Amino acid sequence: MAATGLCEIVAICDPCEDAATETLASHPLAERLDDLQAMLGSDLDGVMIATPSARHAAEALQCLERGVAVFCQKPLGRDAEEVRRVLDAARRADRLLGVDHSYRRARAFEAAAENVRSGALGDVHAAELVFHNVYGPGKPWFLDRAQSGGGCLIDLGSHLVDMLFHVLGRREVVQIAAHLSAAGQPLTPETEAVEDFALAQIVLQGAVAAQLACSWHSNLGQDAVIRATFHGTKASVTAENVGGSFYDFRAEQFDSTRRDLLFEGTDDWGGRMAVDWARTLAAGAGYDTEAEDFARSARLLDGLYGCHMSASTTGLPAGDARPAALAR
């Protein structure tokens with residue numbers, strides 16, 4: 001970020017000694033402070049939050065209530081209520097709020113989104129989004145529901161939900177169904193583990209059907225499968241990683257047996273959302289109504305968790321459950 005010339009990193013707060021030392025080595029003029037309150041006592045325009053998920057909403061609220069803009073790692077909150085409170089605070093303070101939904105800015109996914117919006121596919125009627133990872137999360141708090149808000153669905157699936165709305169726009173959710181499991185067994189209200197596999201079916205306004213799948217510790221024969229496909233009446237488009245890589249991607253449009261390459265190559269996508277936020281902040285922007293997308297995604301995630309648990313409790317097929325979370 002410092003290399004962009006958009007901002008100056010003036011203070012950091014990190015309880016991890018190694019992480020703090022590494023950051024200070026990259027930004028030697030920054031001051032290391034003991035906590036967020038000490039940081040907010042400095043003359044700051046914005047704060048970037050990269051703490052465990054359980055702290056995101058509370059720390060974002062502290063910043064916004066002091067009139068400081070926020071860029072937060074996803075998820076912004078563990079549920080829709082936490083997200084709503086942050087959005088309300090950002091709106092009251094008229095401060096810029098950003099969340100690191102980083103795959104929006106990967107070139108292949110940008111190319112696919114532009115392809116959909118151009119009308120090249122005709123009427124989009126279906127979407128398939130996948131994020132499977134052969135690895136699990138690297139920190140123990142991810143496996144504690146109270147700290148994380150859930151498992152692979154809120155971790156990896158939040159990218160898929162964001163991509164769905166980002167590409168197709170602010171369509172209302174009409175129907176959902178979900179199945180969540182841990183170590184091959186369906187989650188129940190009594191299950192202590194968080195899910196490591198999730199499947200979801202979603203119907204959006206306009207009869208657009210979407211299927212989402214995500215997992216940790218999958219048997220893939222490669223590091224990861226990351227893919228978004230949108231089907232239209234004229235053509236389809238896919239953006240995906242290549243060979244299991246997190247940095248090599250390809251986007252293609254398909255028309256019957258014809259394939260048109262939209263993008264292929266290595267893409268260092270990390271940090272672009274933060275740079276966009278910093279550029280917007282430097283231009284003097286306040287609250288941006290696009291932040292409402294964060295609430296939309298959070299309500300859908302709440303609904304998928306509630307849908308699965310309701311079906312597990314009643315014994316009904318998951319598609320018969322009607323999650324109240326979507327009515328908020």
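The values are calculated or read from the model by the stated rules, or taken from the named source; none is laboratory data. Predicted, not measured: the structure shown is a model, and the values here were computed from it. Backbone-built Cβ (ideal geometry, glycine too); neighbour counts: all protein chains shown. In case anyone asks, the SASA skips ligands and DNA or RNA and just uses the protein heavy atoms, side chains included. Shrake-Rupley method; radii C 1.70, N 1.55, O 1.52, S 1.80 Å.
Each peptide in 290-299, 159-168 was scored by the mean count of other Cβ atoms within 10 Å over its residues; highest first, the order is 159-168, 290-299.
Given H placed on each backbone N at 1.01 Å, which residues far from Arg32 in sequence or on other chains put an amide H within less than 5 Å of it? Answer set, sorted by chain and number: Ile12. Protection proxy ranking for 50-63, 10-23, using the average of other Cβ atoms within 10 Å per residue and placing the highest first: 50-63, 10-23. How far apart, in nm, are the 7 Å Cα→Cβ label points at Asp88 and Ala20? About 3.4 nm, to one decimal. Listed values for region 232-242 are Karplus-derived 3J(HN,Hα) couplings in whole Hz (6.51 cos²θ - 1.76 cosθ + 1.60, θ = phi - 60°), namely x, 6, 10, 6, 10, 9, 10, 10, 7, 6, 10, and x replaces Gly and Pro. Think of it as helices only: each DSSP H run of n ≥ 4 in the chain is worth -39500 (n - 2.57), and spread over all residues that comes to -10000 deg cm²/dmol at 222 nm. Classify region 1-112: rounded, prolate or oblate, from the alpha-carbon gyration tensor (a ≥ b ≥ c, eigenvalue square roots; a/c under 1.5 rounded; otherwise prolate if a/b is larger than b/c)? Oblate. Look at the dipole of the chain built from charges on Cβ: of Gly243, Leu36, Leu164, the Cα furthest out on the positive end belongs to Leu164. Against the compact-protein benchmark of 2.2 N^0.38 Å, the Cα-based radius of gyration of region 100-159 scales to 1.48.
A cut-off of 5 Å between modelled amide H atoms, ignoring neighbours fewer than 5 places along the same chain, links Val99 with Cys72. When only alpha carbons of region 212-292 are considered, Rg and Dmax amount to 17.0, 48 Å.
For the chain, the carbon plus sulfur part of the accessible surface works out to 49%, probe radius 1.4 Å. For the chain, the solvent-accessible area works out to 47 Å² per residue, with a probe of 1.4 Å and every protein chain left in place. Counting only alpha carbon atoms, the long axis of helix 53-65 and the longest principal axis of the chain meet at about 50°.
Across the chain, the mean sequence separation of Cα contacts (distance under 8 Å, 6 or more residues apart), normalised by length, yields a relative contact order of 20 percent. Kirkwood's formula applied to the C-alpha pairs of region 103-267 gives a hydrodynamic radius of 16.5 angstrom. Solvent-free Debye calculation, one equal scatterer per alpha-carbon of the chain: log10 I(q)/I(0) at 0.14 Å⁻¹ equals -1.21.
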